[in-house]
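**Q** Before I ask anything, here is the structure I am working with.
The values are calculated or read from the model by the stated rules, or taken from the named source; none is laboratory data. Note that the structure is a prediction, hence the values are computed from the model and not measured. As a convention, Cβ positions derive from the backbone with ideal geometry for all residues, glycine included, and neighbour counts pool all protein chains shown. These area figures cover heavy atoms from the full protein model, side chains too; ligands, DNA and RNA do not enter into them. Shrake-Rupley method; radii C 1.70, N 1.55, O 1.52, S 1.80 Å.
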Amino acid sequence: MPDQGSCTVIVGCQWGDEGKGKIVDVLAERVDIVARYQGGANAGHTVHVGEDEFVLHQIPSGILHEGRRCLLGNGVVLDVQQFFEEYDAILERGIDIEGRVGVSYRAQLLMPYHRFLDKAVELAADTKIGTTGRGIGPAYEDKAGRRGVRTADLLNPERLAKRIEAAKSRVVARLDELGAGTQELDRAMDETLALSERLLAIATDVGPEISTALRSGRHVLLEGAQGTALDLDHGTYPFVTSSNTTAGSAATGSGIGPTQITDVIGIVKAYTTRVGEGPLPSEMSPEMDEHVRTLGGEFGATTGRPRRCGWFDSVLTRFASQVNGLTGIAVTKLDVLDTLDEVKIATAYRMPDGKTREFFPADTWALADVEPVYETMPGWKSSTCDIRRIEDLPSNARAYLDRIEELTNAPVKFVSVGTKRSQIIPVD
Ligand code: IMP
């Protein structure tokens, strides 16, 4: 019998931007395959290697490690144009990626008309979601409406043309209703379809590839995008993305069975951020929000939008621990809090009816009116950036991490104190 393989899911536990890319990059050192299971080019995973910065939108963060196989599962909505731009940019930076990237035959293709529609709908909407404008909602709508086009459809150009025509004409009619222009759409469609052969050349059966690898004792990471509070079912609906970001969808979105997953590591930032519309219960005061945004460089990797900053919200992370079945957490960006006099943790919410609850509520509108109950802890007031062992952290920082662990119901497995690979501290 070969050694037992392992399959670890990496999942965001807040509103995305927790630093998943950085943790995946470090863990990729120990695995053979890294696969994305949902989302698309709305993600922006930033990874630093030496002095170089890479922002990955669709290609899994394992790509920066030589020899790792990087797959995009059936659960993703693939923006083909953007994908090959990213692919070529990585190649140009001298990283040998040929033969290492595979896209599922079952992956949905995100077409230029999805991007057009996303922007037009958002512009016209009364309740804005603050989407990234990457076409994500419309692409998943076509998937659920059984109008989508998949990688496998490229195998039959005639059928492909018919399916595209049906889906596209529907969108064009809607764009007309919204008074939105469609200039450049045909050109963008031609550019996308011109990439068909290139895409087919790397198409693969992702689920069977991962399952076979696991059976022969290999190690796999399933890389989530966005975060638990942006999950279509479990997040702050409707201010969410259009896919299931949580660990349950790692199996569905990569094509393996749930029993093949061995661990689920939740990524939590040492505070909370949110970009786009929707409630952020533990939002900081305007001055502190501005201060932490500057300290943490909290601007969207995909859109450049400023992120709103909040204190660590354990009501949310405890919920994330439950919904994802976390076996451990990685706490990122601890160093951003190094200079603060005190740090706060939200432990419960006082609801509009005056009752206190410790469970993340389903009613998003009530969430906008909750008042967090905070525990305040003293800051550590010293730099953690050069610390490489957990026992060397200042005692106040360790106490903060211990409290996060206790309130989240999951052991801390990693702590990051900077953007470099060496600044991720493993916890035994
Ligand atoms: P969409 O995924 O572009 O449809 O955007 C829906 C919501 O998810 C918006 O609030 C976006 O700001 C948010 N969102 C989508 N992707 C990310 C991400 O990678 N990080 C943080 N927020 C995201």
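**Q** Can you name the strands (runs of 3 or more DSSP E) wholly within region 208-314 that have at least 1 residues being open to solvent by 40 Å² or more (accessible area, probe 1.4 Å) and more than 16 Å from the ligand (Cβ to nearest atom)?
**A** Where strands (runs of 3 or more DSSP E) fall fully within region 208-314 and carry at least 1 residues being open to solvent by 40 Å² or more (accessible area, probe 1.4 Å) and more than 16 Å from the ligand (Cβ to nearest atom), they are 219-223, 263-269.
**Q** Might you let me know whether region 93-111 holds any residue that is buried (at least 22 other Cβ atoms within 10 Å of the Cβ), within 16 Å of the ligand (Cβ to nearest atom) and over 20 Å from the mean Cα position of the chain (by Cα)?
**A** The answer is yes, given that some residue of region 93-111 is buried (at least 22 other Cβ atoms within 10 Å of the Cβ), within 16 Å of the ligand (Cβ to nearest atom) and over 20 Å from the mean Cα position of the chain (by Cα).
**Q** crowded, with 19+ Cβ neighbours inside 10 Å and within 16 Å of the ligand (Cβ to nearest atom), is that true of Ile164?
**A** no
**Q** Let me ask something else. List the number of the failed condition for Ala348; all other conditions in (1) free of Cβ contacts under 8 Å to residues at least 40 places away in the same chain; (2) within 14 Å of the ligand (Cβ to nearest atom) hold.
**A** Ala348 satisfies every listed condition except (2).
**Q** Please determine whether any residue of region 153-162 is touching a Pro at 6+ places or on another chain (Cβ under 8 Å) and part of a helix (DSSP H, G or I).
**A** Residues of region 153-162 touching a Pro at 6+ places or on another chain (Cβ under 8 Å): none.
Taking every residue of region 153-162 in turn, none turns out to be touching a Pro at 6+ places or on another chain (Cβ under 8 Å) and part of a helix (DSSP H, G or I).
**Q** Look through region 116-152, keep the residues that are in a helix (DSSP H, G or I) and basic (Lys, Arg), and return whichever of them is nearest to Arg170 (Cα to Cα). If you could, list the steps in order and put the result at the bottom.
**A** We begin by selecting, within region 116-152, every residue in a helix (DSSP H, G or I); these are 116-124, 136-144, 151-152.
Next, from what is left, pick out any that are basic (Lys, Arg): 119, 143.
On the way: Lys119: 16, Lys143: 14 Å.
Looking at the filtered set, the residue picked out is Lys143.
**Q** Can you find a residue in region 1-20 that is part of a loop (DSSP other than H, G, I, E, B), touching a Phe, Trp or Tyr at 6+ places or on another chain (Cβ under 7 Å) and not β-branched (Val, Ile, Thr)?
**A** no
**Q** I'm told Leu123 meets every condition in (1) buried (at least 24 other Cβ atoms within 10 Å of the Cβ); (2) within 16 Å of the ligand (Cβ to nearest atom) except one. Can you identify the failing condition by its number?
**A** Evaluating Leu123 over (1) buried (at least 24 other Cβ atoms within 10 Å of the Cβ); (2) within 16 Å of the ligand (Cβ to nearest atom) leaves (1) as the failure.
**Q** If Thr204 satisfies every condition in (1) under 16 Å from the mean Cα position of the chain (by Cα); (2) more than 16 Å from the ligand (Cβ to nearest atom); (3) open to solvent by less than 50 Å² (accessible area, probe 1.4 Å) but one, which is the exception?
**A** (1)
**Q** I'd like the residue in region 21-41 that is at pLDDT below 95 and within 14 Å of the ligand (Cβ to nearest atom) and, out of all such residues, is surrounded by the most Cβ atoms within 10 Å (Cβ to Cβ).
**A** Val24
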